Amino acid sequence: MTLQEIKALRATCRAKLEDLLGRTSSREMSTEENQMFTDLKAEGERLASLESRYAVLESFDKPVTPSIVRTPIVTPNANAAKLKALDLAFRTGRFEDGKQATDVPLQILQSPVDAASAAAVPTDMAFMDATGTFDVAAALGVTEYNRPGSNPLKITIQGAATAATTYVEGTAPTESAIPTFKDVTLDGARYQNLTKISLESINNVSFNVVQAVTRALVTGQLEKQNIDFGAALKAACAANTHCLVDSGTNDAYYTLAALISKHPAIFQGPNNKFLLSSVDLLACLNARDDQNRPLLDFTAGTLLGKPFVVSEDVDRVYYGNWSFGGFRSRTPLFVSVLKELYAQSGHVGYSAYQWADWAFYASLTTLTKQPVLFSHLGAAGA
């Protein structure tokens, strides 16, 4: 028997096994088919063993090469993939002309990563993301207006319906009455932040430093927007006397109950929510209603049976229908990769920017029925 004959027998055995597997791929094998599978597998293993032994015998028949061919030894570049990816990033990265920076670049083997750090970051290190991305406006459910650019956006808000009057037979309205409409213009401030990373950081730090920095930029955007959202909400409600619920006391149960009970019926709904700080939430922790039931239900996540959102950027207690009470306009979040601008200093810049603006129904101060009301647990009527 020759090596070629063994290879031919093994190929035939493999073809039979492949045919058997194809015929039984969608069902269980029968007893006969299981036995055939076992036999073909054993035959394949036997032929493989024979092939390896006959291959040794056949090697004796090969002629010996009379001369030695010398080839140069090429040391593979361990960083070839990284260099290729870096080159591609340089060629496809976007350039933003005129960008100025006052930040401290993120570096390794140099100091510091930030102004508060004195020690250099070691090359090999682990990364844990300890930042969250909490969007207060989205959690409340304000009405969103997504727009592609930074041009101002004008929205029209219906503030009141058309008044109706009863008529007897033979009479009807003769004068036109229209609903109350108010226009609000959302300009949109540009929110932007920047981090520069050294080329050594991108290539040598063990965790994905680019992904971590990009996430930090996005988180920083939301943190600043949350602060401005809270400030704008407070200013709008404080300027509207129809939004204030003066409970006359700092009792948590009475204040929250007053916010719910004085909320206009036309804005009531299952999605109405409280917005309050963690300090005010703590004040509700041990509060009880008149039947000694706790106001805060941790299991259901409710205050007096209503959902709530906690934010450190507010110092009032708000309650209402946020889809009517708040409006937000935002562009997509853009992330620019600034290659050439910082190339001479060995850095790559990552800049995130987004246009965002808010408006509130509370700015319509002439309307007595407001979808969002507020009060204060620390000082009544403040």
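Every number in this text was worked out from the coordinates using simple rules, so none of it is lab data. Given the structure is predicted, the values throughout are model-derived calculations rather than measurements. Virtual Cβ from ideal backbone geometry, glycine too; neighbours counted across all protein chains shown.
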Could you tell me which of ASN292, ASN204, ILE178 has its Cα farthest along the dipole of segment 168-311 towards the positive end, charges placed at Cβ (Lys, Arg +1; Asp, Glu -1), taken about the Cα centre? ASN204
Row for segment 231-274, column shape: gyration tensor on C-alpha, a ≥ b ≥ c, rounded if a/c < 1.5 i.e. under 1.5, prolate if a/b over b/c, else oblate; value oblate
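Taking R0 as 56 Å, what FRET efficiency do you get between THR174 and ASN203 from their Cβ-Cβ distance, rounded to the nearest 0.05? List each step's numbers first, then the result.
Values: r = 80 Å, r/R0 = 1.43.
Calculated value: 0.10.
Kirkwood hydrodynamic radius, computed over distinct alpha-carbon pairs, for segment 3-59: how many Å, to one decimal?
On the way: mean 1/r = 0.0814 Å⁻¹.
The Cα-based Kirkwood calculation yields 12.3 Å.
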